[in-house]
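Heads up, the thing below is written out as structure tokens.
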Amino acid sequence: METTDDKMERRLYSHDLAPLPKEMDLIFKTMPDHVDRPQYTQDVVQLVTKAISTKVALVPRGAGTWGLGGSVPVKGGRVLDMTAMNKILEIDPVNLIARVQPGITWKALSDALDAKGLFLPCYPSSAPSATIGGWVSTGGTGIGAYKYGTAGDIVRDMEVVLPTTEVIHTGDKYVPQNGCGPNLNWLFIGAEGTFGIITEITLSVLPKPEEMRPLTYSFDDVMKMQPAFVKLARSEVRPMHIMFGDKLHYDYLRAIGKHAPQVGCLVTCMMTGSKASVDMEEHLLDEIMKNAGAKKEPQELATHEWEERNYEFRVRELGVGAIPGEILVPMDKLNVVLQGTAKLIKDLKLKAPLIGTVADQNTVMLMPYYLTDEHKLVASTASMGFAKRLGDLASDNGGRAVGLGIFFAGNLSKYRGKNGAELIRKMKDLLDPHGIMNPGKMVQTGTRYGISMPAFLMNFGMHMMGSMKRILPRDKIGEKELSKLK
């Protein structure tokens, strides 16, 4: 096991996808005191044992591709970089499972499965860099969820080191968890590393489909998608994945020199199955989209869009931060939320392209992202108020924001109800009696001083950030690049 306390290296672990301005160090001690890179389960057990005796926080971390601070310390301690635990332990083509260490990337596993004629049913859009353990810990939805289920749905079993040093297995390798008591897999899926450290994961895999065919359709405006989605969800057509982007998203891509269409909105579906079944589904999908006013685009564009599915935030090449919001909304409220999002973007004077996916037959995931200079305190923190208001918009329409981390831990009661949130906090205290496992996240917003920030205060602060943004000058990031398109 490798350990370092080099200052420059520790600095790399003080942020995730969305770095905080250095002024936030007044509240959070995001730089770890040490970084450990375990390679085996026993290494993790040793680190937990040491943390119990020293009362030092442990923060498990994958690739840091999330943006809510879930893998960032709030009061220093030790970050456990799990990316050294990156081995494929077993691929079983008979029982259709893959057993891996948590630090392997989804793409690395997908490539290995592909070589054996197998297929990952679900994976994150950040698959080239996101680790399996990290994404499972955040309870990701992702690519393939519409047809095959989410990250949690494909987990058979996990090996977990508890905050008390015990090592447990949460399920069975070959069969589901029905009828044997509470499903322990789901105790750790989405727990953001606060209940234990995942050291091994067994996933369900599938035979590679005979046919994988992307299809893409354009609309004049993003507001015209909803009727098509509703009709599609109630049809016999089951795309593996449905994703979309608005006009500004594609304008930005063209502004930085990428191949992108000039459309009001583009919807791309990946169809999987036998050639005959995909032919039939394509015919039905064409009719649904045509009746909704969409134009079918050439196969070359569909193939290109599918190949780009893992690179949603290429606009970061402008040299600024691209910070995503992320909400889930009921399909019947999609246009109401789209209108509210557009108003919110206008009120806060943001440039915020919109991308998203259809998560299941009744749920749409919206991911507007905004460009900001993440190293400037006023600009970046004011823009963070957007995420708070976006989450409120989703809640008002029967949906919710995605994720808790540091910044949205105050939403736990909102998501689970007062009694549900209290139960989760009791479970945290029971599993982690020493308070060492990724403290200050999910169940509370911790600070560098070892005290929790009250939920109402954090939410008030986020709201005030949005109010501050209203009185600041309009964001001009990216305008020069967009002007070149005219």
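A few points about this structure:
- Residue in region 124-138 that is farther than 26 Å from residue 59 by Cα and either surrounded by fewer than 21 Cβ atoms within 10 Å (Cβ to Cβ) or at pLDDT 95 or above (or both) present: no
- Qualifying residues in region 104-123 (those that are out of contact with any strand residue (DSSP E or B) (no Cβ under 8 Å at 6 or more places or on another chain) and over 26 Å from residue 41 (Cβ atoms)) - the one surrounded by the fewest Cβ atoms within 10 Å (Cβ to Cβ): 115
- For region 250-297, filtering for residues that are of a type in the set (Asp, Glu) and farther than 25 Å from residue 209 by Cβ leaves 1.
- For region 144-174, filtered to residues that are closer than 23 Å to residue 123 by Cβ and among the β-branched types (Val, Ile, Thr), the residue that is surrounded by the most Cβ atoms within 10 Å (Cβ to Cβ) is 160.
- Scan of region 94-120 for residues that are charged (D, E, K, R) and either within 16 Å of residue 143 (Cα to Cα) or in contact with a Leu (Cβ under 7 Å, 6 or more places away or on another chain) (or both), ordered by number: 99, 107, 111
- With a requirement of 3 or more residues that are within 29 Å of residue 269 (Cβ to Cβ) and in contact with an Asp or Glu (Cβ under 7 Å, 6 or more places away or on another chain), the strands (runs of 3 or more DSSP E) lying completely within region 105-220 that satisfy it span 211-219.
- Some residue of region 450-457 being under 23 Å from residue 134 (Cα atoms), at pLDDT 65 or above and either of a type in the set (A, V, I, L, M) or outside any helix (DSSP H, G or I) (or both): no
- Filtered residues of region 87-103 (kept if within 21 Å of residue 44 (Cα to Cα) and assigned to a loop (DSSP other than H, G, I, E, B)): 87, 101, 102, 103
- Candidate set: region 243-263, residues that are out of contact with any Gly (no Cβ under 6 Å at 6 or more places or on another chain) and in a helix (DSSP H, G or I); chosen: the one farthest from residue 295 (Cα to Cα): 255
The values are calculated or read from the model by the stated rules, or taken from the named source; none is laboratory data. For clarity, every value in this text was computed on a predicted model and none was experimentally measured. Every residue, glycine among them, receives a Cβ derived from its backbone with ideal geometry; neighbour counts consider all protein chains shown.
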